[in-house]
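*Asks:* Take a look at this one; I'll ask things after.
A short reminder: the numbers here are calculations on the coordinates, not readings from a lab. What you see is a predicted model, and the numbers here were worked out from it, not measured in a lab. We place every Cβ from the backbone using ideal geometry, glycine too, and count neighbours over all the protein chains shown.
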Amino acid sequence: TGPDTFSPTGQPTGAPQDAVAQGGAFLTSAQGVRLPDTDHSLKAGPRGPVLLQDFHLREKIMHFDHERIPERVVHARGSAAHGVFRSYGTAANITKAAFLAEGVETPVFVRFSTVLGSRGSADTVRDTRGFATKFYTTEGVYDLVGNNIPVFFIQDGIKFPDVIHAGKPHPDREIPQAQSAHDTFWDFVSLHTEATHHTLWNMSDRGIPRSYRMMEGFGVHTFRLVNAAGETTLVKFHWKPKLGVHSLTWEEAQIINGVDPDYHRRDLADAIEAGAYPQWELGVQTFPDTPDQMFEGIDLLDPTKIVPEELAPVQPIGLMELNRNPSNFFAETEQVAFHAGHLVPGIDVTDDPLLAARLFSYLDTQLTRLGGPNFPQIPINRPHAPVNDMLRDGFHQDAVHRGVAPYRPNSLDGGCPFQAGAGEGGYVEVPVEVAGRKVREAPASYADHFSQPRLFWRSMSPVEKEHIIDAYTFELGKCYEQAVKERQLRVLANIDPVLCHEVAQGLGLPAPEPSEPLADPAPSPALS
Ligand code: HEM
């Protein structure tokens, strides 16, 4: 496809993001009128009052006054890069997605982020990191909007505003900015014990990555792939960094926060500029699409659970390389709009209730953040595939639509494109059976909040355990409320007695007993 196929303005330029690039030898107004002076307002005499008729002053100040847009409600702090994804073709038997066929190369744009801090916050805080990838495929945009931690705090999206309210700065003093060291966070996670697994990953070294280039990424939810024969497979997506997974020590992170709050942002941009292009392998864990959507006793629809790689190895399906820095932060990194519902034929969602809320949330928030319904026309968001929709008008409409009949079928604008070849290549949802009573309740399988945190804790080396203990002790030590600390210690007692005892000692509080039997009768060895 030529660039004008996907550039509604029809500008004869190269890459779509260049479509609105500026040129010309002279400074002009936004209307293209040449300006000889931009340093002096129009006045009645050199010392006289400024005249209302000064169109240049008015335009310049008006535009400046509106330069800021709302930051993302979460993941406000981020940085991004362009690159390419090359498919190995190893997933071609389980998905018909064209970009996953053998040898296909697809342009990508990846944005890494922290979750809780505001746009100007420091990079090396203890937090989850976003890892969002936009694939500009020939079949339209596919977004894999993941995190660097494979599980999430909550099992149902209806709690998302609650967990974010708890994690964001306190409404009274607007502190702390981007750390989990406060009462509301610990209040929430100790009252909603489904958050235990994600919180434990946050308190581990995974919570302070050394570099975006050294982070894993996870799709978290289980997705459903479908091949050309209509056969389905359940999968979890994984990004594995070629540089390996590395973290900062807590002490390093503290110093860097002061010395270079842009550390991760700078590291990514410098590496790409120097030609040290970071790479990740994309892989999938695959599971049979059984009616109960369970695997080895693990509920695949529960986003607080992983499937251990010993049970389902990650199979590589392609390689991503980031090789170009954005040329304008606002135009690209800030205006990019990811959405877990941007899917292409061959990739479908499951009934994970966290995913369901996301499918609603991203479009909704971007409508506000990006000023109306036409943000898919912003150059960084444009598909690299022909767009032929019936969406019309609205704020910031860039397209000059032809024809008179934006409805289908019609007999005025050349008939109905949906009749010929409708089933071929189009996005058709997998026709899964849906039945059930309307209820507000969770399945019994969602009640297990501790077996996987125990698994995670027991998989840690002694030094990693020390780091986790130090992290809980530091973060909980910042709480003012004694009752919150005590309740969180009761949560830790259900993970491991040594973990609970050591943190309790650090806080100067008694260590409580577990409220449920620990699955592993042998507690982890005491730390030496
Ligand atoms: C960003 C909502 C769960 C990954 C966002 C944004 C919202 C949001 C409103 C800001 C988007 C924007 O302004 O453009 C939600 C809701 C969730 C949820 C309602 C649960 C119900 C998750 C989960 C993940 C995730 C489970 C990871 C698997 C991300 C990432 C971004 C993001 C990576 C940043 C995208 C970017 O870089 O622009 N989310 N989120 N979110 N979310 Fe979620």
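*Asks:* By how many nm would the segment from residue 463 to residue 481 lengthen if fully extended, with 0.36 nm per residue of separation less the alpha-carbon distance?
*Replies:* 3.6 nm
*Asks:* While we're looking at this one, here's another question. So if we plug the beta-carbon distance of residue 490 and residue 273 into 1/(1 + (r/R0)^6) with R0 = 51 Å, what FRET efficiency do we get, rounded to 0.05?
*Replies:* 0.55
*Asks:* Quick one: if the Förster radius is 45 Å, what FRET efficiency do residue 432 and residue 65 give, using the C-beta to C-beta distance and rounding to 0.05?
*Replies:* 0.35
*Asks:* Something else now. Sorted from largest down, give the three principal axis spans of the alpha carbons of the stretch 162-230, whole angstrom values.
*Replies:* Ordered largest first, the stretch 162-230 gives principal extents of 57, 29, 20 Å.
*Asks:* Full extension from residue 412 to residue 505: what is 0.36 nm times the residue separation minus their Cα-Cα distance, to one decimal in nm?
*Replies:* Answer, rounded to one decimal: 25.7 nm.
*Asks:* Under 5 Å between amide H atoms, partner at least 5 residues away or on a different chain: which partners does residue 128 have, H built in plane at 1.01 Å?
*Replies:* 115
*Asks:* Taking H placed 1.01 Å from N in the peptide plane, check which residues at least 5 places from residue 247 or on another chain put their amide H under 5 Å from its amide H.
*Replies:* 210
*Asks:* Ok, one more. Taking θ = phi - 60°, what integer Hz values does the Karplus form 6.51 cos²θ - 1.76 cosθ + 1.60 yield along the stretch 75-84, in sequence order, with x for Gly and Pro?
*Replies:* 6, 5, 9, x, 8, 9, 7, 8, x, 9
*Asks:* Oh, and also: For the stretch 330-395, how big is Rg over Rh, using alpha carbon atoms and the Kirkwood form of Rh?
*Replies:* Looking at the stretch 330-395, the ratio lands at 0.98.
*Asks:* To make sure I understand the rule: partners must be aspartates and glutamates, Cα under 17 Å from the Cα of residue 485, and not fewer than 8 residues away in the same chain. Which ones qualify?
*Replies:* By straight Cα distance, residue 485 reaches 183, 187, 470, 475, 496, 502, 513.
*Asks:* Select from the chain the helices, each a whole stretch of DSSP H, whose alpha-carbon atoms run 18 Å or more along the helix axis and whose Kyte-Doolittle mean is at least 0.0; answer none if there are none.
*Replies:* The qualifying helices are 353-369.
*Asks:* Hey, what did the stretch 326-411 get for relative contact order, percent, Cα under 8 Å, at least 6 apart?
*Replies:* 28 percent
*Asks:* From the phi of every residue in the stretch 377-385, what ³J(HN,Hα) in whole Hz does the Karplus formula 6.51 cos²θ - 1.76 cosθ + 1.60 yield, where θ is phi - 60° and glycine or proline is x?
*Replies:* Once θ is set to phi - 60°, the couplings for the stretch 377-385 become 8, 4, x, 5, 9, 5, x, 9, 8 Hz.
*Asks:* Loop only by DSSP, 13 or fewer other Cβ within 10 Å of the Cβ. Give me the trypsin sites (Lys or Arg not before Pro) in the stretch 22-93 that pass, ordered by residue number.
*Replies:* Those satisfying the criteria are 47, 68.
*Asks:* Let me ask something additional. Which loop GluC sites (Glu not before Pro) in the stretch 150-232, with loop taken from DSSP, have no more than 15 other Cβ atoms within 10 angstrom of their Cβ?
*Replies:* Those satisfying the criteria are 174, 231.
*Asks:* Looking only at the stretch 90-116, which residues have a backbone nitrogen under 19 Å from a spot 7 Å from the Cα of residue 424 in the C-beta direction?
*Replies:* What the label zone holds, given the 19 Å backbone N cut-off, is 96-99.
*Asks:* Taking 7 Å along the Cα-to-C-beta vector as the label spot, tell me the residue 400-residue 262 distance in nanometres, rounded to one decimal.
*Replies:* Taking the simple label geometry, residue 400 and residue 262 are separated by 3.9 nm.
*Asks:* Continuing with this model, one more query. Would you mind computing, in nm to one decimal, how far apart the modelled labels at residue 515 and residue 323 are, each placed 7 Å from Cα along Cα→Cβ?
*Replies:* That separation, rounded to one decimal, is 5.4 nm.
*Asks:* Separate question: Can you figure out the FRET efficiency of residue 252 with residue 368, using R₀ = 30 Å and their beta-carbon distance, to the nearest 0.05?
*Replies:* In this case the efficiency is close to 0.20.
*Asks:* Among the GluC sites (Glu not before Pro) within the stretch 325-433, which fall in a DSSP loop and have no more than 13 other Cβ atoms within 10 Å of their own Cβ?
*Replies:* Here the sparse-neighbourhood loop sites are 424, 429, 433.
*Asks:* Please compute the Kirkwood hydrodynamic radius over the chain, one decimal place, Å, based on all pairs of different Cα atoms.
*Replies:* It is 25.6 Å.
*Asks:* Can you work out ³J(HN,Hα) from phi for every residue in the stretch 282-288, in order, using Karplus 6.51 cos²θ - 1.76 cosθ + 1.60 and θ = phi - 60°, giving whole Hz and x for Gly and Pro?
*Replies:* 8, x, 10, 8, 10, 9, x
*Asks:* Kindly identify the stretch 120-197 as rounded, prolate or oblate by the Cα gyration tensor criterion: order the square roots of the eigenvalues as a ≥ b ≥ c, call it rounded if a/c is under 1.5, otherwise compare a/b with b/c, prolate if a/b is larger, else oblate.
*Replies:* Here the stretch 120-197 falls in the prolate category.
*Asks:* Skipping prolines and chain starts, which residues have an amide H placed within reach, meaning under 5 Å, of the one on residue 449, given they are 5 or more residues away or on another chain?
*Replies:* none
*Asks:* Something else: Just subtract the alpha-carbon distance of residue 55 and residue 119 from 0.36 nm times their residue separation and send over the number in nm, one decimal.
*Replies:* Between residue 55 and residue 119, full extension yields an extra 19.8 nm.
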